[in-house]
Amino acid sequence: MTHDFQNRIILITGASRGIGRAVALAAAKAGADLIITGRTIGALEELDDEIKLAGGKATIVELDMHDYAAIPRLAAAINGRWGKLDGFVANAATLNPLTPLSHLDDSIWNDTIAVNLTAQWHLIKAMEPLLLAASAGRAVLVSSGAAEGIRPFWGPYAISKAGLEAMARVWAGETEKTNLRINILNPGGTATGMRALAFPGENPDTLPQPADVAPAFLTLLDPACIDHGQRFDARDMLNL
Ligand code: NAP
């Protein structure tokens, strides 16, 4: 499916590598004007170069997801420059080492919940008015298979993603009567640094690559997407 994202402003968190990076490139190639965030500025600059080569446009924002005060500042900057936000991909997340709950260090619990859950709420709060100001705002909250079922050792990550899914449903219920469409996307096992941390012995060549799952994000970012408050699996959407 082709997408025309001309004049659409799309914010992608965690775009410096992995899935976020691939989604940014794919959205830029479809014509979107991107806002790409992360902590690794060098990697975002390399992505910006690739986006320019592909004829696209991006604005780099250094954003640590622990820095909650920076989130409304980013929203104010987007408002000042564009007055709207057409797309929001809540992608940045951390896995942290897999550990039984009873052995978890406080710092790992706090870091995972802060980045994967609390920061996402701050983003929703700050970006909602901008998404509502767009004619067809679309939000994609990136979850995981770990949000469901029994996941020993995946404690704070699994819990944060289950919480994110609950938050997405709450948000979707609150915005049902607006032009904003919000959905949850599970990319499924994808060859990235995060996946390698969870499954160090796995051959990444046996997995879908980030570019393979990016089209599922574009489908949910498209104004043509009318689903709302739903949970999608990229593998099912794309027959991967
Ligand atoms: P990744 O390769 O580890 O990339 C994570 C991205 O998040 C990076 O761009 C990183 O940027 C950013 N990030 C992490 N911590 C951050 C922080 N404290 N502040 C700001 N940015 C931060 O992970 P991925 O595999 O692409 O995962 C992308 C999304 O897909 C995540 O939500 C993940 O839970 C989900 N997911 C992945 C898989 C998989 O198999 N790969 C499966 C299911 C779900 P910096 O380091 O530059 O800050």
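What follows draws every value from the coordinates through simple rules; no lab data is involved. All figures in this text were calculated on a predicted structure; none of them were measured in a lab. Virtual Cβ from ideal backbone geometry, glycine too; neighbours counted across all protein chains shown.
If you sort the three axes of the alpha carbon gyration tensor as a ≥ b ≥ c, you get a/c of 1.5 or more for region 112-198 and a/b above b/c, which makes it prolate.
Dipole orientation for the chain: of the candidates Asn96, Thr219, Gly18, Thr219 has the Cα lying most toward the positive pole (charges on Cβ; Lys, Arg +1; Asp, Glu -1).
Reported to the nearest whole Å, the Cα centre-to-centre distance from region 134-192 to region 55-74 is 20. Once both labels are positioned 7 Å from their Cα atoms along Cα-to-Cβ, the gap between Tyr68 and Ile150 label points is 3.5 nm.
Remark: relative contact order (region 9-234) = 21 percent; criterion is Cα-Cα distance under 8 angstrom and separation of 6 or more residues. Here the simple spin-label model places points 7 Å from the Cα toward Cβ, and for Leu132 and Phe199 these points are separated by 4.1 nm.
Shape class of the chain from the alpha-carbon gyration tensor: rounded, with the ratio a/c of largest to smallest axis under 1.5.
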